[in-house]
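To start, the structure itself, in structure tokens.
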Amino acid sequence: MFGELFANNGGKGDSESEIGYGPLLTALTDHAKNGAYPGHMPGHKRVSLGFPDPYSIDITEIEGFDDLHHPEGLIKDLEDRIARIYRVKTAIISVNGSTAGNLACIHAAVPSRGTGVVSFERHRSVDHAMSLREASEIGLADWLAAGARAGAVIVTSPGYNGECYDIKKLSEICHERGVPLIVDAAHGAHLGFHPYFPDHPAHQGADAVITSLHKTLPAFTQTSCILIPEGSRIREREVRRWMDVFETSSPSYILMAGIERCMDYLEQRGQQAFIKYASELERLYDEARSWKKLKLRDYRDYMRSGPADATGVDYVAVDPGKLVISGDGLTGEEVAQILRTEYHVEPERVLSHEALVMTSLCDDFSLNY
């Protein structure tokens, strides 16, 4: 019966032309056509990289395609490739974003009802992990001053606006006290590939780094990876055990293939793309000095001001790819509306007095918005 069905139908259902679009797909296609430039994630900025029709290649865990929860073949090879590109011992793919990575790494390091040290800025998944662990929290500034016992130190670096802690110094303090350092670097997947940008936390002594490929690199939304450097105080086996708990049991091969395509891009075009990206950003900062209505935070002036988080822990670098835009006497929403209506740019984030535009190496800086 099934053989006859497939023989007659070729595995094909109704054609696209026979099925109308629903409200969400209609909204997405209309938005793609309206000319608004994406000043937000994902980092591919709608550049396809030659990716095929997802319906034509979508599968599940079938013979010959490996299993993300127990990678031994194609997926293991991809994880090994990511590790080589990021110059770490181990990479673990997540198709549940950095959320799953944060949950898994914190569970691997902070014991049930233990204690975790957490930076002021953090993603809600960090709070969720601490809650699920029923763990007590110590603020980073307090821990640096007092040095209480803890299962792990968890910091977000870079933050949403690009601020970075001194991960090298912090890792030294952590390791002197026998505490592993987990860095949520969801916004830092592009770091470490060009000296214009801060170094990646995985190269500065952190024990586990969670980084969202989709935020600043050409990868699909929801793709991320955990990077575990050589000599880590966090066991890979424990991280993978908790990823089994928090990650979907039906991982998308489309998303994993998108990760592979991102690695293709980095290896084949990355060097020249990052050179151009850094050059175009610097040109933008120079041009912004003549802006009349809006102001772009100059990353150099900002660092000279001695920035710190709300609890007084210093930042030592900032990602120039995060464009923080404000205007005299303007609210953040007013800034965002100017970006939308006058420049056709949709920002990533709107705060009380500023708007954030996220850039990536896939941006077209030749557009005259």
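A short reminder: the numbers here are calculations on the coordinates, not readings from a lab. Predicted model only: the values in this text are computed from it and were never measured. Every residue, glycine among them, receives a Cβ derived from its backbone with ideal geometry; neighbour counts consider all protein chains shown.
Assorted remarks:
- Candidates per trypsin sites (Lys or Arg not before Pro) in the stretch 117-167, loop by DSSP, up to 14 other Cβ within 10 Å: Arg149
- Computed over the chain, the P(r) tail beyond 39 angstrom holds 20 percent of alpha carbon pairs.
- Loop-resident sites, the stretch 188-293, for GluC sites (Glu not before Pro), counting at most 14 other Cβ within 10 Å (DSSP): Glu230
- Mean Cα-pair separation over length for the chain, i.e. relative contact order, pairs under 8 Å, 6 or more apart, %: 21
- Antiparallel beta bridges, as assigned by DSSP with both residues in the chain, represent about 55 percent of the total such bridges.
- Shape class of the stretch 257-321 from the alpha-carbon gyration tensor: oblate, with a/c at 1.5 or above and b/c at least as large as a/b.
- Mean residue ellipticity (222 nm) of the chain, computed from DSSP H runs ≥ 4 via -39,500 (n - 2.57), nearest 500: -12000 deg cm²/dmol
- Rounded Å value of the spacing that divides the Cα centres of the stretch 184-238 and the stretch 308-369: 23
- Value of relative contact order over the stretch 57-257, rounded to a whole percent, pairs C-alpha under 8 Å and six or more apart: 28
- In this entry, the stretch 57-257 is assigned a mean projected area of 10.7 nm², taken as a quarter of its C-alpha convex hull surface.
- Scalar couplings 3J(HN,Hα) for the stretch 258-264, obtained by applying the Karplus form with A = 6.51, B = -1.76, C = 1.60 to θ = phi - 60°, are x, 4, 4, 5, 4, 5, 4 Hz; x denotes Gly and Pro.
- q = 0.11, 0.13, 0.17, 0.20 Å⁻¹: log10 I(q)/I(0) that the Debye formula gives for the stretch 226-369, counting C-alpha atoms only: -0.66, -0.87, -1.13, -1.22
- Karplus (6.51, -1.76, 1.60) ³J(HN,Hα), θ = phi - 60°, over the stretch 30-41, in Hz, Gly and Pro reported as x: 5, 5, 5, 8, 7, x, 5, 7, x, x, 8, 5
- Mean separation of Cα contacts under 8 Å, 6 or more apart, over the residue count of the stretch 158-206: relative contact order %: 44
- Long-range amide H partners of Ala308 with built H, under 5 Å: Tyr315
- Taking only Cα atoms of the stretch 194-281, radius of gyration then Dmax in Å: 15.0, 43
- Dmax and Rg, reported as Rg then Dmax, of the stretch 15-144 (C-alpha, Å): 20.5, 63
- Extension gain from Arg177 to Lys276, taking 0.36 nm per residue of separation minus the Cα-Cα distance: 31.4 nm
- Our coupling estimate for the stretch 77-93, obtained by passing each phi through the Karplus curve with A = 6.51, B = -1.76, C = 1.60 and θ = phi - 60°, is 4, 5, 4, 4, 5, 4, 4, 5, 5, 8, 6, 10, 6, 9, 10, 10, 6 Hz, Gly and Pro reported as x.
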